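Below: the structure, in structure tokens.
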Amino acid sequence: MTKNFFPIDPERVRQNAYLPVKLAELSKSNPEKALELLQAWGEGTKTIKKLWDEVIQYVGDTIQTSKEVQNENQSSRVAGITG
């Protein structure tokens, strides 16, 4: 049996990659909290895990695939044409 070895936890990589997306999402519903978390990230006072845990309390942990985003954008355009 082969064990996969990743020098960095893949979950942490995912969190690091999508934290800006989730902060942007949070900024639409709670701009003050988004700014607070962004400042903590920039100042290095909170870890990525801590920031992620806080942001998903507000916006959830769902991450759309690029295909889902593309389909959503197409639906919006069609609704604008027919609506």
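The values are calculated or read from the model by the stated rules, or taken from the named source; none is laboratory data. Bear in mind the structure is a predicted one, so any value in this text is a computation, not a measurement. Note that we place each Cβ from the backbone using ideal geometry, even for glycine, and neighbour counts take in every protein chain shown.
Being part of a helix (DSSP H, G or I) and of a type in the set (Ser, Thr, Tyr) is the filter here, so list the residues in the stretch 1-55 that pass it.
Those that are part of a helix (DSSP H, G or I) and of a type in the set (Ser, Thr, Tyr): Tyr18, Ser27, Ser29.
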- What are the pairs, 6+ residues apart or on separate chains, where a residue within the stretch 22-47 that is touching a residue at least 60 places away in the same chain (Cβ under 8 Å) has its Cβ under 7 Å from a residue that is of a type in the set (Lys, Arg) and part of a helix (DSSP H, G or I)? none
- Please work out if Glu54 is acidic (Asp, Glu) and at pLDDT 95 or above. yes
